[in-house]
């Protein structure tokens, strides 16, 4: 979103693996939602016994305190990629114990706001900005080398987010150009890109745009469905396409808008019908009531959370293998829902801009001052 410098796997597990994952996830969520054990510790606790700590964000030293990471892609509990300011891209393959700086050469003036990784070697990153500042880079060797696969040449375009349906097909979105959001498409894993026709895109509202806050203003579920989050206009909307971005429909959300700093900042869909939206007003001195909403009909209708997060949230993700649990993050904390987005509860007060989970239950968060963390128990 140009007005605000403040501002998005694998094969399904076997039945046995899936049941195990469900059990682990259920136990972790129960612990995460519970009051810490220390609050109710009996006075006669056995000496030298270490109490079990509920799941929590465990900070990982990225070695890049000057960077703000709004791009994050969780490949597994061991492997994750982050992308941020100063053209910085980092990768870990040992659970965050060490990070390798794999930034594209000559990208120091760029703002990376999104990264989509397929594995430890292949990833695509998006740089945002007006005109030629919006670019896409791709690597197939873990960041040892990068290829610039797209550079925007339209001064009216400003790209915010990218997403992939699978390892070949993906989209990127720009703020409106000539009154409509612009969609960029790839069918070869990000090697080449083309602008899709705008005929099937509804007209944008006055002042409407996307927020490049967490890499989650454009998200997919399944082989063809994609959703686009907006703000800045009179209404905060979510646009949906069921044909990989050729035609779109728009739906209003209850998340407040009517100001360039307000709207839907992030989306997450656990399947093609059940989704979550979070946002609010990113200004620290402004309240963000109704900062979350949910849908159960592919985004045709959105309902406000009965108990929303207490403040602006910029990132959201479903917990793997769960039908009801998700995490939302923002500068003032992390919130958990265990009822599909009806109610949210703050479980951490650390500052994070984006959050993502892998299918093996590896959940990661990232944000300002080089902050990266993994959910651990």
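Considering the range 103-121 alone, what residues qualify as being within 21 Å of the chain's Cα centre (by Cα) and either under 22 Å from residue 369 (Cβ atoms) or surrounded by fewer than 18 Cβ atoms within 10 Å (Cβ to Cβ) (or both)? Residues satisfying the conditions are 103, 110, 111, 112, 113, 114, 115, 119, 120, 121.
For the range 211-220, does any single residue satisfy the condition of being at pLDDT 95 or above and farther than 15 Å from residue 162 by Cα? For the range 211-220, residues at pLDDT 95 or above and farther than 15 Å from residue 162 by Cα: absent.
So if I check each of 234, 251, which one is surrounded by fewer than 23 Cβ atoms within 10 Å (Cβ to Cβ), modelled with pLDDT of 95 or more and part of a strand (DSSP E or B)? Let's see the steps before the verdict.
Working: 234 fails: part of a strand (DSSP E or B).
Unique residue meeting the criteria: 251.
For the structure I just gave you, tell me whether residue 149 is surrounded by fewer than 22 Cβ atoms within 10 Å (Cβ to Cβ) and in a strand (DSSP E or B). Lay out the reasoning, then the answer.
Values: surrounded by fewer than 22 Cβ atoms within 10 Å (Cβ to Cβ): yes; in a strand (DSSP E or B): yes.
For residue 149, the condition - surrounded by fewer than 22 Cβ atoms within 10 Å (Cβ to Cβ) and in a strand (DSSP E or B) - is met.
When you look at residue 333, is it over 22 Å from residue 112 (Cα atoms), at pLDDT 95 or above and either over 14 Å from the mean Cα position of the chain (by Cα) or surrounded by fewer than 24 Cβ atoms within 10 Å (Cβ to Cβ) (or both), yes or no? It is true that residue 333 is over 22 Å from residue 112 (Cα atoms), at pLDDT 95 or above and either over 14 Å from the mean Cα position of the chain (by Cα) or surrounded by fewer than 24 Cβ atoms within 10 Å (Cβ to Cβ) (or both). Restricting to the range 48-63, what's the tally of residues that are surrounded by fewer than 22 Cβ atoms within 10 Å (Cβ to Cβ), modelled with pLDDT of 95 or more and more than 20 Å from residue 327 (Cα to Cα)? The total comes to 2.
Only one of the numbered conditions (1) surrounded by 20 or more Cβ atoms within 10 Å (Cβ to Cβ); (2) in a loop (DSSP other than H, G, I, E, B) is violated by residue 258, and that is (1).
Yes or no, residue by residue, for (1) modelled with pLDDT under 95; (2) in a loop (DSSP other than H, G, I, E, B); (3) surrounded by fewer than 24 Cβ atoms within 10 Å (Cβ to Cβ); (4) out of contact with any helix residue (DSSP H, G or I) (no Cβ under 9 Å at 6 or more places or on another chain):
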site	(1), (2), (3), (4)
286	no, yes, yes, yes
294	no, no, yes, yes
297	no, yes, yes, yes
313	no, yes, no, yes
316	no, no, no, yes
329	no, no, no, yes
364	no, no, no, yes
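Within 18 Å of residue 215 (Cα to Cα) and within 18 Å of the chain's Cα centre (by Cα): does that describe residue 280? So residue 280 fits the description; yes. Inclusion of residue 193 among residues that are surrounded by fewer than 24 Cβ atoms within 10 Å (Cβ to Cβ), more than 22 Å from residue 227 (Cα to Cα) and modelled with pLDDT of 95 or more is not warranted.
The values are calculated or read from the model by the stated rules, or taken from the named source; none is laboratory data. Here the structure is a predicted model, which means the values were calculated and not measured. No Cβ is skipped: glycine too gets one built from the backbone with ideal geometry, and neighbour counts run over all protein chains shown.
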